[in-house]
Protein chains: 4
Amino acid sequence: MGKHMAANIQKKGYPLVVFDVNKMAIDELVAKGATAASSLPDLATQCTHILTMLPGGPQVQEVYTNNKTGLLNHAKNNTIIIDSSTIEPFLSRDIAKMAKDKNIEFLDAPVSGGVGGAEKGTLTFMVGGNIEKGKQLLEAMGSNVVHCGDNGSGLCVKICNNMLLAISMIGTAEAMNLAIKLGLDPKIFAKIMNMSSGRCWSSDTYNPVPGVMPTAPANRDYEQGFATALMTKDLGLAQSVSTQTGAPTPLGSLSHQIYRVMMAHGLQNKDFSIVYKFLSEN
Amino acid sequence: MGKHMAANIQKKGYPLVVFDVNKMAIDELVAKGATAASSLPDLATQCTHILTMLPGGPQVQEVYTNNKTGLLNHAKNNTIIIDSSTIEPFLSRDIAKMAKDKNIEFLDAPVSGGVGGAEKGTLTFMVGGNIEKGKQLLEAMGSNVVHCGDNGSGLCVKICNNMLLAISMIGTAEAMNLAIKLGLDPKIFAKIMNMSSGRCWSSDTYNPVPGVMPTAPANRDYEQGFATALMTKDLGLAQSVSTQTGAPTPLGSLSHQIYRVMMAHGLQNKDFSIVYKFLSEN
Amino acid sequence: MGKHMAANIQKKGYPLVVFDVNKMAIDELVAKGATAASSLPDLATQCTHILTMLPGGPQVQEVYTNNKTGLLNHAKNNTIIIDSSTIEPFLSRDIAKMAKDKNIEFLDAPVSGGVGGAEKGTLTFMVGGNIEKGKQLLEAMGSNVVHCGDNGSGLCVKICNNMLLAISMIGTAEAMNLAIKLGLDPKIFAKIMNMSSGRCWSSDTYNPVPGVMPTAPANRDYEQGFATALMTKDLGLAQSVSTQTGAPTPLGSLSHQIYRVMMAHGLQNKDFSIVYKFLSEN
Amino acid sequence: MGKHMAANIQKKGYPLVVFDVNKMAIDELVAKGATAASSLPDLATQCTHILTMLPGGPQVQEVYTNNKTGLLNHAKNNTIIIDSSTIEPFLSRDIAKMAKDKNIEFLDAPVSGGVGGAEKGTLTFMVGGNIEKGKQLLEAMGSNVVHCGDNGSGLCVKICNNMLLAISMIGTAEAMNLAIKLGLDPKIFAKIMNMSSGRCWSSDTYNPVPGVMPTAPANRDYEQGFATALMTKDLGLAQSVSTQTGAPTPLGSLSHQIYRVMMAHGLQNKDFSIVYKFLSEN
């Protein structure tokens, strides 16, 4: 994902310095004219803007705050940092605070839109912090750059939105399956529901039942969508912050569990709408 | 509700014969020109079309199939019957079958739109059975008459739709509350989510958080909406048919339980979006 | 099951008249000296005590209240009827009332102990109604005859007990699986928990993890126990009565759903403790 | 709690050095002959055995690993440390590893038994790590010292046990409430269930319905038991470790949510069996 994002920055004519633990990812970009940094500190000293895309909180913490190699220990004054990893907002806020103390601007800018959106440059960025500092760069990679509030807000919006997405996807799967078991035609039922109060993105744009919407992952055996493993990760973050804030989330929590059981049944790489098949198969 | 629906039929100029166990409801309509029937059999023998709106399955069974007074035992050949009660689809199908055997056309046509819609004549009817037979009459009372399929389909659609509605309402309440606890501005969060994959009718049209949408019941102390007691009843029907068909509905079932706990806490007459307050209050 | 129960009555020397839609079941008992009835009315006129064991409510209603062949229409004055079917207590109470009006004593006496207990005559009967009338006969088939209260109480106790059983079985499966994933030895963990506040029948007598308790179904591939399909049926009854009484049962309801998903995954004939495998497999 | 535990050590004749951010707690013990340490480093240099009881993970991390004042930086070679705080097992394991590198023995030994047990010296300690090193001291404070396995195991056992405890308590509350709503006598129902497969510690020792068991908190308005807030905290830890290990815990997760809603409704200081009242009240 990071590779595609970097390629779009390059395409827009920005000079690019790259680093990754995976050498292959770098080589491709270097072949197109990027400079390879030899280490994180090396990268930090060469750049005025830094963008990271990492798998989770521990990696973000390591990359930014490691006593020896952490970016915050080597970035120049007034560097602008954008972290697009999906991690706990509290961690992101802590790092933003440390950055501010060192005269560094840190933004959280998690994305939606998947690998496809990264490649086409049509990602949506949900941004927390001083968005003006990062807007130009983000617009090189996405078609939608939304300001959500202070540091951490981008992550909060993404996590809360995805929790509701999971809930309404499972709810849609349940309602569609029940309707079918009751003898309704799935297309007719979906059409009526989508004009009614049951309407949601999962029912009217991404319907989980094969044959109802030609463009939805349900029609390509639940491939090439938003992976169950990623949804499960986001639901885990939602549970973590709801425990920390004391906000009850009964359906969010049960949705997390359902996706966890689906992981245990080997569905991690399938689109998350496969919950329809998981609930209905026999 | 039935009173308002009858008044609209009257307004359109149809001759009207009325019957209700509650005398008062009749008097008002009689004052405007309707004829009062002295009993169900009396009503049946006077009418070519019969419309009923009853609280639940046992009343529908009694009114139609009672050995002595049941409408099916007294209605004339080719009578067209429309039942707008929300009951189990299987019961409605059974009655439709009995009706057919007696040359009577029976339609299920549950409504959405509430008492307000009944008064203004803007109800939505979800119709199962031979819709052509009842369309004209239904259009006298509602602005939206949707054909769902064979007998019972109208009820199936209503029950499945409302199950998803409850799920997405609770999900919206959870997501909004979590976002607020995390420090987000509820209006900004709702706006972004409503352009994203978390979007649903409960978030973009009927938001449960006071101050987010001026027209939603949340802004009038959750009064004059769709009562928690009615939603709980519909969720009970959803659970009943999902048990009978073997369709798993984990979120539908948990939503039913949450509304049941809210009933036990005295919220039966409040709009069902009060789940936001129930989950967040402290 | 009924066959084994009848055989035990025969063994104790009681004269036996039998009827079943399945001829084979009758033949075996007739070979051992029982009289075959030609129909339900034929059976009713020959007996002073009648015992039934039927799959569900509709069959019980049919067998007892059918206008032509129903047992209540043919049983002699002062007949004592014991129904051991697991059905809705409200239906059982209705039938008991009808029976009383005809001078017939009706008891509900659902069983626990499975096919094995039926064969060995070690069933437990939970009895609602005038237990003195049926005690002698029940003791011919079971080792434990417990009076629960008025008509229907036997069923209420069975349904409520089994709901808690399902909840604690799933809870045990979750706790054992989590403990194992955390690196604990399952036998040591079970031993400590069984001396502590987590202790329950599912953990200390019927542990769902293979290798922890030699006699539990977990050690014979979850065969020959209490089938998932039967537990699912009982949980459906629990949900039905909890909806009717307005009693919230969030964990009972979620347990029902989990067993329903397991049914959809083909586990209906396995012992209900297989929920451990369902949740943990990967 | 720590105060009572310290007092029992003193009673057994061990010399005692104490430290607390709350001066008052120290004064009382000093009056009875204990020495007050002026700081954590001061305490560390005076003791061969150290015992801590802290509210949560962040405090434990601070007390042990703070660069300047952390106990691990000041404790002498071969010091034996017992931490009785209830925290994440992964954190405890990390600290144990750091301790080992400094030739310090670290044990986790969370307790059950409450303030009452701490006072009477009848606590149960669930111990992870080299139990022989701490046994004598633990037996001065508790009547039950159980070895659970390697470092962190004591915490794992406590967290898993308490998750099942919460599940079976809510399940018992649901079953009892449903039974009562169905017309059963609560004492008779509890008695039968406690001889059957629904039996659990929550039903046979700590029944949540007033009037069923004279010694249970239900009979003293749910005062002086295991507080809802503490159970909620333990369920949060259970969810955290189940997310980290990928173990699905649907009922554990829903139980956590139910206790969270109860917290939002002001029940944090009541015994956790008050879930019965929360579910049944009307």
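Can you find a residue that is within 30 Å of C:Thr79 (Cα to Cα), part of a helix (DSSP H, G or I) and in contact (Cβ under 8 Å) with a residue 60 or more places away in the chain anywhere in the range C:131-150? Outline the logic, then answer.
Residues of the range C:131-150 within 30 Å of C:Thr79 (Cα to Cα): C:131-150.
Then keep just the ones that are part of a helix (DSSP H, G or I); that gives C:131-133, C:135-139.
Those left that are additionally in contact (Cβ under 8 Å) with a residue 60 or more places away in the chain: C:137.
Checked the range C:131-150: at least one residue is within 30 Å of C:Thr79 (Cα to Cα), part of a helix (DSSP H, G or I) and in contact (Cβ under 8 Å) with a residue 60 or more places away in the chain.
Here is a yes/no grid of residues against (1) of a type in the set (Gly, Ala, Ser); (2) at the interface with chain A (Cβ under 9 Å from one of its Cβ atoms); (3) without any contact (Cβ under 8 Å) to a residue 24 or more places away in the chain:
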residue	(1), (2), (3)
B:Met193	no, yes, yes
B:Ser197	yes, yes, yes
B:Tyr206	no, yes, no
B:Val209	no, no, no
B:Tyr222	no, no, no
B:Ser240	yes, no, no
B:Pro248	no, yes, yes
B:Leu251	no, yes, no
B:His256	no, no, no
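Can you name every residue in the range C:98-130 that is in contact with a strand residue (DSSP E or B) (Cβ under 9 Å, 6 or more places away or on another chain), free of Cβ contacts under 8 Å to residues at least 24 places away in the same chain and in a helix (DSSP H, G or I)? Steps first, please.
Quick first cut of the range C:98-130, residues in contact with a strand residue (DSSP E or B) (Cβ under 9 Å, 6 or more places away or on another chain) only: C:98-100, C:104-114, C:117-118, C:120-130.
Applying the additional criterion that residues be free of Cβ contacts under 8 Å to residues at least 24 places away in the same chain yields C:100, C:120, C:122, C:124.
If the condition is that a residue be in contact with a strand residue (DSSP E or B) (Cβ under 9 Å, 6 or more places away or on another chain), free of Cβ contacts under 8 Å to residues at least 24 places away in the same chain and in a helix (DSSP H, G or I), then C:Lys100, C:Lys120 are the ones that fit.
Given the criterion modelled with pLDDT of 95 or more and within 21 Å of D:Ser240 (Cα to Cα), identify the matching residue among C:Leu155, C:Leu165, C:Leu184.
C:Leu184
Here are D:Phe106, D:Phe125: which of them is over 19 Å from C:Ser196 (Cβ atoms), out of contact with any His (no Cβ under 8 Å at 6 or more places or on another chain) and surrounded by 24 or more Cβ atoms within 10 Å (Cβ to Cβ)? Reasoning before the result, please.
Numbers: D:Phe125 fails: over 19 Å from C:Ser196 (Cβ atoms).
It is D:Phe106.
Run down C:Ile159, C:Ile188, C:Ile170 and say which single residue is surrounded by fewer than 23 Cβ atoms within 10 Å (Cβ to Cβ) and assigned to a helix (DSSP H, G or I). Working first, answer last.
Values: C:Ile159 fails: surrounded by fewer than 23 Cβ atoms within 10 Å (Cβ to Cβ); C:Ile170 fails: surrounded by fewer than 23 Cβ atoms within 10 Å (Cβ to Cβ).
Among C:Ile159, C:Ile188, C:Ile170, only C:Ile188 is surrounded by fewer than 23 Cβ atoms within 10 Å (Cβ to Cβ) and assigned to a helix (DSSP H, G or I).
Restrict the check to the range B:106-120 and report whether at least one residue is basic (Lys, Arg) and modelled with pLDDT under 95. Let's see the steps before the verdict.
Within the range B:106-120, the first condition is being basic (Lys, Arg), and the residues that meet it are B:120.
Applying the additional criterion that residues be modelled with pLDDT under 95 yields B:120.
So far as the range B:106-120 goes, yes, one or more of its residues are basic (Lys, Arg) and modelled with pLDDT under 95.
Test B:Leu251 against the stated conditions and say whether it is surrounded by 24 or more Cβ atoms within 10 Å (Cβ to Cβ), of a type in the set (A, V, I, L, M, F, W, C) and touching a helix residue (DSSP H, G or I) at 6+ places or on another chain (Cβ under 6 Å). Let's see the steps before the verdict.
On the way: surrounded by 24 or more Cβ atoms within 10 Å (Cβ to Cβ): yes; of a type in the set (A, V, I, L, M, F, W, C): yes; touching a helix residue (DSSP H, G or I) at 6+ places or on another chain (Cβ under 6 Å): yes.
In short, yes.
Which one of these does D:Leu51 not meet: (1) free of Cβ contacts under 8 Å to residues at least 40 places away in the same chain; (2) surrounded by 15 or more Cβ atoms within 10 Å (Cβ to Cβ); (3) not in a loop (DSSP other than H, G, I, E, B)?
(1)
Could you say whether any residue in the range A:259-274 is surrounded by fewer than 24 Cβ atoms within 10 Å (Cβ to Cβ), within 11 Å of chain B (Cβ to nearest Cβ) and in contact with a helix residue (DSSP H, G or I) (Cβ under 7 Å, 6 or more places away or on another chain)?
Yes, some residue in the range A:259-274 is surrounded by fewer than 24 Cβ atoms within 10 Å (Cβ to Cβ), within 11 Å of chain B (Cβ to nearest Cβ) and in contact with a helix residue (DSSP H, G or I) (Cβ under 7 Å, 6 or more places away or on another chain).
Just give me the residues in the range D:151-191 being out of contact with any helix residue (DSSP H, G or I) (no Cβ under 9 Å at 6 or more places or on another chain) and touching a residue at least 12 places away in the same chain (Cβ under 8 Å), in sequence order. So that I can check it myself, show each step before the final result.
Residues of the range D:151-191 that are out of contact with any helix residue (DSSP H, G or I) (no Cβ under 9 Å at 6 or more places or on another chain), as a first pass: D:187, D:191.
Within the range D:151-191, D:Lys187 is the sole residue that qualifies.
State whether one or more residues within the range D:100-112 are of a type in the set (Gly, Ala, Ser) and over 13 Å from the mean Cα position of the chain (by Cα). Working first, answer last.
Just the residues of the range D:100-112 that are of a type in the set (Gly, Ala, Ser), to begin with: D:109, D:112.
Imposing the further condition that a residue be over 13 Å from the mean Cα position of the chain (by Cα) reduces the set to none.
Checked the range D:100-112: no residue is of a type in the set (Gly, Ala, Ser) and over 13 Å from the mean Cα position of the chain (by Cα).
Test each condition in (1) over 18 Å from D:Leu251 (Cβ atoms); (2) acidic (Asp, Glu); (3) crowded, with 21+ Cβ neighbours inside 10 Å for C:Asp234 and report the one that comes out false.
(1)
Within the range B:199-215, how many residues turn out to be surrounded by 17 or more Cβ atoms within 10 Å (Cβ to Cβ) and modelled with pLDDT under 95?
Residues flagged as surrounded by 17 or more Cβ atoms within 10 Å (Cβ to Cβ) and modelled with pLDDT under 95 within the range B:199-215 amount to 0.
For D:Phe90, indicate whether it is more than 25 Å from D:Lys3 (Cα to Cα), within 13 Å of chain C (Cβ to nearest Cβ) and of a type in the set (Phe, Trp, Tyr). Can you show your working first?
Working: more than 25 Å from D:Lys3 (Cα to Cα): yes; within 13 Å of chain C (Cβ to nearest Cβ): yes; of a type in the set (Phe, Trp, Tyr): yes.
Considered against the rule, which asks whether it is more than 25 Å from D:Lys3 (Cα to Cα), within 13 Å of chain C (Cβ to nearest Cβ) and of a type in the set (Phe, Trp, Tyr), D:Phe90 comes out as yes.
State whether one or more residues within the range B:124-138 are at the interface with chain A (Cβ under 8 Å from one of its Cβ atoms) and among the hydrophobic types (A, V, I, L, M, F, W, C). Quick ask: steps written out before the conclusion?
Looking only at the range B:124-138, we keep the residues that are at the interface with chain A (Cβ under 8 Å from one of its Cβ atoms), and these are B:124, B:126.
Among the residues that remain, those that are also among the hydrophobic types (A, V, I, L, M, F, W, C) are: B:126.
So far as the range B:124-138 goes, yes, one or more of its residues are at the interface with chain A (Cβ under 8 Å from one of its Cβ atoms) and among the hydrophobic types (A, V, I, L, M, F, W, C).
Could you check, for the range C:188-208, whether at least one of its residues is basic (Lys, Arg), in contact with a Cys (Cβ under 9 Å, 6 or more places away or on another chain) and under 22 Å from D:Ile192 (Cα atoms)?
Within the range C:188-208, the first condition is being basic (Lys, Arg), and the residues that meet it are C:191, C:199.
Next, from what is left, pick out any that are in contact with a Cys (Cβ under 9 Å, 6 or more places away or on another chain): C:199.
Next cut, under 22 Å from D:Ile192 (Cα atoms) only: C:199.
The answer is yes; a qualifying residue exists.
Identify, from the list D:Ala37, D:Ala25, D:Ala7, the residue that is touching a helix residue (DSSP H, G or I) at 6+ places or on another chain (Cβ under 9 Å), surrounded by fewer than 16 Cβ atoms within 10 Å (Cβ to Cβ) and closer than 20 Å to D:Leu137 by Cβ.
Numbers: D:Ala37 fails: surrounded by fewer than 16 Cβ atoms within 10 Å (Cβ to Cβ); D:Ala7 fails: surrounded by fewer than 16 Cβ atoms within 10 Å (Cβ to Cβ).
After applying the criteria, what remains is D:Ala25.
Could you please give the count of residues in the range B:66-97 that are buried (at least 16 other Cβ atoms within 10 Å of the Cβ) and in a helix (DSSP H, G or I)?
Matching residues across the range B:66-97 total 11.
Which condition number in (1) over 21 Å from B:Gly246 (Cβ atoms); (2) more than 22 Å from the chain's Cα centre (by Cα) is the one that A:Ser280 fails?
It is condition (1) that A:Ser280 fails.
Mind listing whichever residues of the range A:173-184 are part of a helix (DSSP H, G or I) and facing chain B (nearest Cβ under 7 Å)?
So in the range A:173-184, the residues part of a helix (DSSP H, G or I) come out as A:173-181.
Within the range A:173-184, A:Glu174, A:Ala175, A:Asn177, A:Leu178, A:Ala179, A:Lys181 meet the criteria.
Residues are listed down the side, and each one gets a yes or a no for (1) more than 20 Å from the chain's Cα centre (by Cα); (2) assigned to a loop (DSSP other than H, G, I, E, B):
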position: D:Thr215; (1), (2): yes, yes
position: D:Gly225; (1), (2): no, yes
position: D:Met231; (1), (2): no, no
position: D:Gly236; (1), (2): no, no
position: D:Arg260; (1), (2): no, no
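Select from the range C:262-271 the residues that are farther than 14 Å from C:Arg220 by Cβ and either touching a Ser or Thr at 6+ places or on another chain (Cβ under 7 Å) or part of a helix (DSSP H, G or I) (or both) and list them in ascending order. Outline the logic, then answer.
Within the range C:262-271, the subset farther than 14 Å from C:Arg220 by Cβ is C:262-268.
Matches in the range C:262-271: C:Met262, C:Met263, C:Ala264, C:Leu267, C:Gln268.
With respect to A:Leu164, determine if the residue is at the interface with chain B (Cβ under 10 Å from one of its Cβ atoms), surrounded by 19 or more Cβ atoms within 10 Å (Cβ to Cβ), more than 27 Å from D:Arg260 (Cα to Cα) and of a type in the set (A, V, I, L, M).
Numbers: at the interface with chain B (Cβ under 10 Å from one of its Cβ atoms): yes; surrounded by 19 or more Cβ atoms within 10 Å (Cβ to Cβ): yes; more than 27 Å from D:Arg260 (Cα to Cα): no; of a type in the set (A, V, I, L, M): yes.
It is false that A:Leu164 is at the interface with chain B (Cβ under 10 Å from one of its Cβ atoms), surrounded by 19 or more Cβ atoms within 10 Å (Cβ to Cβ), more than 27 Å from D:Arg260 (Cα to Cα) and of a type in the set (A, V, I, L, M).
The values are calculated or read from the model by the stated rules, or taken from the named source; none is laboratory data. Everything numeric in this text was worked out from a predicted model, so none of it was measured. So basically every Cβ, Gly included, is an ideal-geometry build from the backbone, and we count neighbours across all protein chains shown.
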